[in-house]
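Take a look at the structure set out below.
Quick note: the coordinates plus some simple rules give every number you see, no bench work behind them. Please read all numbers here as calculations on a predicted model, not as lab measurements. Glycine gets a Cβ as well: all are built from the backbone with ideal geometry, and neighbour counts include every protein chain shown.
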Amino acid sequence: MEAILVFLSAVAFIAFLVCPGSKRNYFAAFGWIAIVLSIIIDIPYYIYEENNFMYPVLGILGLPFLYVTVPQLLEGNKYVNYLSRGAAIAFLIYLPFAYIPGAGDCLIAVVTSQVYAVGSFLGLPFSRIAWNMLGYNGFSVEIILACTGIQSIAIMLGLAYCVPTTFRQKVLSFLIIAPVIYILNIFRNVFVVAAYTGQWFQFLPEIASNGELGYESFFWAHNVMAELGALVFLIILALGLFMVIPGLGDFADGLIKLYTKKLKGVCKGK
């Protein structure tokens, strides 16, 4: 169900991007609803199977987000339109890798090879045990599309291109985003694989384990340290983009003021 909702969301956002007229905003509204629902319906999986707190938090925050976003879209608010444009661009970048098996598998294989190469260079003992899998000490990590960094690259490029920019700004934004995220993501994967297969973080199994032997090391490395580290880095990267594209700062300021005003009004019963 989640995969269907994500696909429908992608189709809706692309329709919003290419269709003329104000009616296209209905496509964006549907896209936002579908993507939030796709996270919400998978909250039990993230909590009980993955021990991942990031996506459940995003799903819960998605409800007030939809409360503001959908009406503002239908009213033609420019800031929410820019935000939806960014989502559409992100999907355009991400879709080929997600829905063309050869493209996604090729990227996964390349990332797996590079993670293994960097790990070997650093003297880490894990080995490549399959085209998309690394392991050591009886533990293994499968590299999937979410481990390649393509989602973060797509989201950040969508952010960079959601407001009007010059050709120079587009090129600089791409150079700031794609190579930097890709390289740092390789090191992120090296850290997670080394931490899990080497069992570096065997702490608090009562909250970190999902019943799998040694899973707590994966939990702390991937679900906590890597997730929080990636979030902090993306915030820093966004601040760098504001320097390259000043219009992004105005967009962010307008968006924050819009959501703050609307949500404060809800809290006051207006």
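Here are some notes:
- For K78, a cut-off of 13 angstrom between C-alpha atoms picks up these aspartates and glutamates, skipping any fewer than 8 places away in its own chain: D250, D253.
- Hz values of 3J(HN,Hα) by residue in segment 229-239 - Karplus curve (6.51, -1.76, 1.60), Gly and Pro given as x: x, 5, 5, 4, 5, 5, 5, 5, 5, 4, 5
- For the chain, the Cα gyration tensor yields ellipsoid semi-axes of 35, 22, 18 Å (square root of five times each eigenvalue, largest first, whole Å).
- The chain, relative contact order [Cα under 8 Å, separation at least 6], %: 17 percent
- Computed lengthening from F187 to E227, 0.36 nm per intervening residue step minus Cα-Cα distance: 13.1 nm
- Taking 0.36 nm per residue of separation and subtracting the current Cα-Cα distance, fully stretching the chain between Q202 and L74 would add 41.1 nm.
- Sequence-distant residues sharing a close amide H with M133 (under 5 Å, placed H): I143
- In order along segment 108-117, the phi-based Karplus estimate (6.51 cos²θ - 1.76 cosθ + 1.60, θ = phi - 60°) of 3J(HN,Hα) comes to 4, 5, 5, 4, 4, 4, 6, 5, 5, 5 Hz; Gly and Pro are listed as x.
- Two-site label geometry, A3 and I100: point separation in nm, points 7 Å out along Cα→Cβ: 1.9 nm
- Among S84, S217, S127, S209, the ranking by other beta carbons within 10 Å of each residue's beta carbon, starting with the fewest, stands as S127, S209, S217, S84.
- Candidates Q114, N81, I155 compared by Cα position along the dipole of segment 75-177: farthest toward the positive end lies N81, with charges placed on Cβ.
- In segment 1-142, taking the dipole from charged Cβ atoms about the Cα centre, the farthest positive-side position among M54, N132, Y94 is held by Y94.
- Here the Karplus relation 6.51 cos²θ - 1.76 cosθ + 1.60, evaluated at θ = phi - 60°, turns the backbone of segment 15-26 into coupling constants of 4, 4, 5, 9, 7, x, x, 6, 5, 4, 5, 5 Hz, with x for every Gly and Pro.
- Charging the Cβ of each Asp and Glu at -1 and of each Lys and Arg at +1, and nothing else, the dipole of segment 67-226 about its Cα centre rounds to 680 debye.
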